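The values are calculated or read from the model by the stated rules, or taken from the named source; none is laboratory data. What you are looking at is a predicted structure, and each value in this text was computed from that prediction instead of being measured. Counting neighbours? That spans all protein chains shown, and the Cβs are built from the backbone with ideal geometry, glycine included.
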Amino acid sequence: MPLHFDADRVQEVKDDFLAAEAPTHTVNPELLSSWQRSKAALGVPSNIRDVPLVADDLLDAHLLDMFQAPLTRVSDDLDGTGLGLLLADSQGRILQRWSHDPNALHHLDRLGTVRGAVLAEDVVGTNGVGTVAATGKSVQISGVEHFADFYSGAVCTGSPVRHPMTGKLLAVVTISSDISERSGLLRPLINSVTMQLEQQVLDVEQPAARMMFSAFLDTARAQSGPVVAFGPQGLVMQSQKAGRLTVSDLNLLQQLTSEQPRSGRFSLELSTGTAELKVTALDDGAGVIVVLDRERRNTTMSIGPARPQLVGRSPEWLTVVHQVARHRETRRPLIIAGEPGTGKASLALGLPFRPGSPVTQGLVTDAAERHVTGSRKWLQKLSERLNASAPVIVRGVETLDAHTVDGVKSLVETTTGRGPVLFTLSAQSREEAEVQGSRLGMSVIWVPALRDRIADVPALWHVFAEQIAPGAGLELRADALELLRTYRWPGNLKELRSVLEQLSITGKRGAVLPGDLPQAMQGTRVLSMIERVELEAIRKALQEADGNRSKAAEILGLSRATVYRKMKAYRLTA
């Protein structure tokens, strides 16, 4: 069914069809067939007044358990796009919906698209769930192409999930939103999601995976809390109660169980707070089952002054925070690399970096001091700190010359009983950082730029505002926040902090409007929700294709010219 269409023309054809008159225009044959089936079952659109619901006990819990984890990852990828993600069974009954966007959830509520809703074609007519279930084909239904009138403001793109071996229709996965600008990338996007789910089914067919899946189902039914299972070939299962876990949380759980693949009880800091985990290792290497017994929320009160915390809850940021924490605990030397101003020194410290503070002076050795004191004295100071067995942080290691780098490497390798050693390195790309890291022969962790953890902007703004202008009430208006979310942030956290410092200097108080922001940010074009999906899909395709634009176009199912044009429009480079 065509992605681009003239709504008035489609409405004309639909009116003629319903009146049993010869249509004045042509229409896609598959859409016409769907209307014919809908008319035969339901009569006219006005007969469809609401969406029926079925009880939870009639829904396929096993199917949802199988697909919960991969769809949670997809949902996190769609964060901020305004799109709702749906999973339905082969009869068009909604098993679950995912979205991080209140507008998208309101859109789904308005349409009656909730868990248990029956969207079969013979119940509510042509739609992006039921029509997929009826035809077994991918479709996109836009606006008045829907049979029921109350769907006329929606656009839904759906695709069938089939058993890779038998070809049997297992489920339908659909992306839905308010009707807006069309995007040729939604269909490739939903087809990509379908491929992930079918791979999940294929993985479960393996003997060890079947054992893990059976143990997972038994545990999930017996436990009141969230349950996650990790099996062979990276297979992940996630119970419905574990749906609130982020991709970063799942990554951390998987890393814990791979490093300690044995039964036992552990504690782990997740995005929801500190979790007490019960881990059960299965026989014959079939995987592990993790039960979250108890979670202590991060909002609990404590007596005494609070320790400053690193700001950010985006999956990208949390993953790096925990990777650094593990290196600190194991005392393996580490290079923390990223663009200037991304918070590398704060990550190394494990708390906000504040130049001149007692903590900073006691732990941080600035590589730039070598230019003042000379290499010999600077290396002597570093040696003394390493021998003190306390944590040592070397800031700005990229400024050291080759001779001094060799000295640093020798000191780290030969000092026994030393504490954790972490280096920060500013670079413009991960590749550049890896080259620098090879000089020291140490692991490199790349810190995401602010544009890659844009979900953290509101929290960062709030903290910086309290630090820089306490009591001024510098609260972002929604339209101003939208500009900050679409800005590219070449200066990262330093640039965000600079914006607040400038507002404080001017005496600004109260609500911050778009006009209060720097001119460069005011000129940022606010992307529509579909454009955000396009942008993210192109970024992921380019990453998967290692920057090859032709291969990225093939992954997306688009022409090279279209991908080149969109890259230019979004100012993307390979």
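If you check Ser429, Ser357, which single one turns out to be of a type in the set (Gly, Ala, Ser) and modelled with pLDDT of 90 or more? One residue alone meets the criteria, Ser429. The C-beta contact set for the stretch 475-496 (first residue of a type in the set (Gly, Ala, Ser) and part of a loop (DSSP other than H, G, I, E, B), second residue at pLDDT 85 or above and surrounded by 18 or more Cβ atoms within 10 Å (Cβ to Cβ), distance under 7 angstrom, 6+ apart or interchain) comprises Gly491/Gly341. Out of curiosity, is Leu86 among the hydrophobic types (A, V, I, L, M, F, W, C), modelled with pLDDT under 95 and not in a loop (DSSP other than H, G, I, E, B)? Against the criterion (among the hydrophobic types (A, V, I, L, M, F, W, C), modelled with pLDDT under 95 and not in a loop (DSSP other than H, G, I, E, B)), Leu86 does not qualify.
For the stretch 105-132, a residue qualifies if it is buried (at least 24 other Cβ atoms within 10 Å of the Cβ) and either within 26 Å of the chain's Cα centre (by Cα) or modelled with pLDDT under 95 (or both), and the qualifying residues are Thr113, Gly128, Val129. The listed residues are Val172, Val132, and the only one of them that is closer than 16 Å to Leu95 by Cβ, part of a strand (DSSP E or B) and in the same structural domain as His100 (by TED's automatic domain parsing) turns out to be Val172.
Listed by position, the strands (runs of 3 or more DSSP E) contained in the stretch 322-415 that have at least 2 residues being touching a residue at least 60 places away in the same chain (Cβ under 8 Å) and within 21 Å of Val435 (Cα to Cα) are 334-338.
The listed residues are Thr399, Thr415, and the only one of them that is assigned by TED's automatic domain parsing to the domain that holds Gln323, surrounded by fewer than 19 Cβ atoms within 10 Å (Cβ to Cβ) and in contact with a His (Cβ under 9 Å, 6 or more places away or on another chain) turns out to be Thr399. Screening Ala537, Ala552 for residues that are among the small types (Gly, Ala, Ser), under 20 Å from Asp77 (Cβ atoms) and modelled with pLDDT under 85 leaves exactly one candidate, Ala537. When Ser177 is tested against (1) within 19 Å of Ala104 (Cα to Cα); (2) of a type in the set (Ser, Thr, Tyr); (3) at pLDDT 95 or above, just one condition goes unmet, and that condition is (3). Across the stretch 133-181, which residue is surrounded by the fewest Cβ atoms within 10 Å (Cβ to Cβ) among those that are charged (D, E, K, R) and within 21 Å of Val51 (Cβ to Cβ)? If we take residues in the stretch 133-181 being charged (D, E, K, R) and within 21 Å of Val51 (Cβ to Cβ), then Asp149 is surrounded by the fewest Cβ atoms within 10 Å (Cβ to Cβ). Scanning the stretch 466-473 finds one or more residues that are assigned to a helix (DSSP H, G or I) and in contact (Cβ under 8 Å) with a residue 12 or more places away in the chain. If you go through the stretch 4-17 one residue at a time, do you hit one that is buried (at least 17 other Cβ atoms within 10 Å of the Cβ), aromatic (Phe, Trp, Tyr) and part of a loop (DSSP other than H, G, I, E, B)? Scanning the stretch 4-17, I find at least one residue that is buried (at least 17 other Cβ atoms within 10 Å of the Cβ), aromatic (Phe, Trp, Tyr) and part of a loop (DSSP other than H, G, I, E, B), so the answer is yes. So, Ala20, is that one aliphatic (A, V, I, L, M) and surrounded by 14 or more Cβ atoms within 10 Å (Cβ to Cβ) or not? In short, no. Of everything in the stretch 432-455 that's small (Gly, Ala, Ser) and at pLDDT 90 or above, which residue is surrounded by the fewest Cβ atoms within 10 Å (Cβ to Cβ)? Across the stretch 432-455, the extreme among qualifying residues is Ser443. Could we say that Pro164 is under 26 Å from Val236 (Cα atoms), part of a helix (DSSP H, G or I) and not assigned by TED's automatic domain parsing to the domain that holds Ala220 here? It is false that Pro164 is under 26 Å from Val236 (Cα atoms), part of a helix (DSSP H, G or I) and not assigned by TED's automatic domain parsing to the domain that holds Ala220. Please go through the stretch 416-457 and give me each residue that is among the hydroxyl-bearing types (Ser, Thr, Tyr) and either in contact with a Cys (Cβ under 8 Å, 6 or more places away or on another chain) or part of a strand (DSSP E or B) (or both), ordered by number. Result: Thr424, Ser426, Ser443.
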